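Every number here is computed from the coordinates shown, using simple stated rules; none is lab data. Worth saying up front: this structure is predicted, and the values here are computed from it rather than measured. Note that each Cβ is placed from the backbone with ideal geometry, even for glycine, and that neighbours are counted across all protein chains shown.
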Amino acid sequence: MKPGIRHFLQLKDLSRDELDYLFERTLWIKRQFKAYQRYWPLADRTLVMIFEKASTRTRLSFEAGIQQLGGSAIYLNTRDSQLGRGEPVEDAAQVISRMSDLVMIRTFEQDIIERFAANSRVPVINGLTNEYHPCQIMADIFTYIEHRGPIQGKTVAWIGDSNNMCNTWLQAAEVLDFRVHVSTPPGYEIEPERAGLVGTDHFEQFADPMEAARGADIVTTDVWTSMGFEAENEERLKDFADWQVDGDMMRVAKPDAIFLHCLPAHRGEEVTAEVIDGPHSLVWEEAENRLHAQKALMEFLLLGRIES
Ligand code: CP
Ligand code: NVA
């Protein structure tokens with residue numbers, strides 16, 4: 001890794017102090033934006049966005065976000081760039097990072113983004129890998145703080161697949177000192193090493209999803225089949241049938257519990273319409289907060305701390 005460059009490849013790349021700063025900064029940036037205050041600290045800066053998987057929210061929030069900060073974005077995908085024709089990721093990183101100020105990548109294995117970052121002259125942001133989705137969890141935690149206050153000491157119930165979202169919640173719990181109650185179907189349990197955990201103090205596994213949700217402050221889930229795992233879809237539909245977040249599950253959580261989902265969602269699979277469209281759900285605020293949180297992140301990676 002080049003000295004002095006900060007990347008955001010997994011959530012724990014930022015310390016608790018830095019995340020707390022970013023949550024405060026996100027609020028300031030959001031308020032300025034809502035008040036139509038022009039704020040262009042990244043004028044003339046270029047963000048390159050590389051997508052090897054589909055996206056609506058991530059592309060939109062990064063592209064709109066850098067423009068709102070005065071910069072511009074370039075979108076590349078595997079289909080119509082040399083990335084899909086076998087150019088080594090190390091070579092791509094050398095070239096792309098000489099022509100830009102910041103790179104966001106959505107790809108498959110974490111190793112790909114690590115190799116890119118190791119050869120990049122500019123900060124690299126993880127826009128989702130098979131292992132992690134740190135930008136999403138920043139927005140999710142900001143949403144909780146915005147609506148309910150500090151997350152330290154709280155309990156997050158993770159219901160469903162031990163995927164990139166689950167791994168990132170688990171990492172966040174260690175950095176920010178909260179707990180995750182995880183319930184996955186047999187055979188889909190979390191892998192602490194793959195999740196990049198340092199210990200076992202911040203999570204507990206439950207065979208029964210209702211028990212994981214009991215008393216939780218946040219109940220959250222995600223699709224049963226993540227991008228890249230489509231061949232397993234039919235089997236997963238059967239295996240995950242009892243891991244649906246429904247009204248009964250929300251009723252055993254805290255009365256003021258919130259429901260989060262990174263989206264896109266499948267009503268009738270991992271969550272019922274009653275829950276995602278119901279009073280506990282903050283999914284639209286959560287999606288919007290991607291924009292504000294990532295603007296704070298891009299500003300931090302390029303300019304460091306700014307006094308609000
Ligand atoms: N939540 C999320 O990352 O959505 P997209 O796949 O639409 O970017
Ligand atoms: N876990 C999902 C998240 C999509 C935003 C996936 O990786 O497909």
In region 267-308, which residues have a backbone nitrogen under 16 Å from the label point lying 7 Å from residue 251's Cα in the Cα-to-Cβ direction?
272-276, 278-280
Dipole in debye (nearest 20) - the chain, about Cα centre, beta carbon charges: Lys, Arg +1; Asp, Glu -1:
1460 debye
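Over the chain, what relative contact order in percent results from Cα pairs under 8 Å that are six or more residues apart?
Over the chain, the number comes to 19 percent.
For residue 241 and residue 64, what does the FRET efficiency come to when R0 = 41 Å and r is the distance between their Cβ atoms, rounded to the nearest 0.05?
Step by step, r from the Cβ atoms, then E = 0.65.
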Give me the extension gain from residue 230 to residue 34: residue separation times 0.36 nm, minus the current Cα-Cα distance, reported in nm with one decimal.
66.7 nm
Footprinting proxy, 46, 200, 107: sorted fewest to most Cβ within 10 Å, the residues are 200, 46, 107
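Assuming a strict under-21 Å limit between Cα atoms, what lysine pair count do you get for the chain once near-sequence pairs (fewer than 8 apart, same chain) are dropped? It would help to have the intermediate numbers written out before the result.
On the way: 2/12; 12/154; 12/295; 30/295; 34/295; 154/254.
Here the count comes out as 6.
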Which distance in nm do the two modelled labels at residue 112 and residue 43 give, with both placed 7 Å along the Cα-to-Cβ direction?
3.7 nm
Net charge (Lys, Arg +1; Asp, Glu -1) of residues whose beta-carbon lies under 14 Å from that of residue 73, residue 73 excluded, is +1
Pick from 245, 48, 95: which residue has the top mean-square fluctuation in a GNM of the chain where Cα pairs under 10 Å get a spring?
95
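May I ask for the net charge around residue 106, where only other residues with Cβ less than 9 Å from the Cβ of residue 106 are counted and Lys, Arg are +1 while Asp, Glu are -1? Please list the in-between numbers first.
Values: positive: 53, 59; negative: 52.
That works out to +1.
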What angle, in degrees between 0 and 90 and rounded to the nearest 10, separates the Cα long axis of helix 283-303 from the longest principal axis of the Cα atoms of the chain?
30 degrees
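Using the number of other C-beta atoms within 10 angstrom as an exposure proxy, rank 101, 208 with the fewest first. Mind showing how you got there, number by number?
On the way: 101 19, 208 10.
Fewest to most other Cβ atoms nearby, the residues stand as 208, 101.
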Distance between Cα centroids, region 1-66 to region 245-307: provide it in whole Å.
18 Å
Nearest 10, in degrees from 0 to 90: the angle of helix 164-176 to the longest Cα principal axis of the chain is 90 degrees
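With n ≥ 4 as the cut-off for DSSP H runs, can you work out [θ] at 222 nm for the chain, using -39500 (n - 2.57) per run divided by the number of residues, rounded to the nearest 500?
Working: 11 runs with 119 residues, N = 308.
Value at 222 nm, helices only: -11500 deg cm²/dmol.
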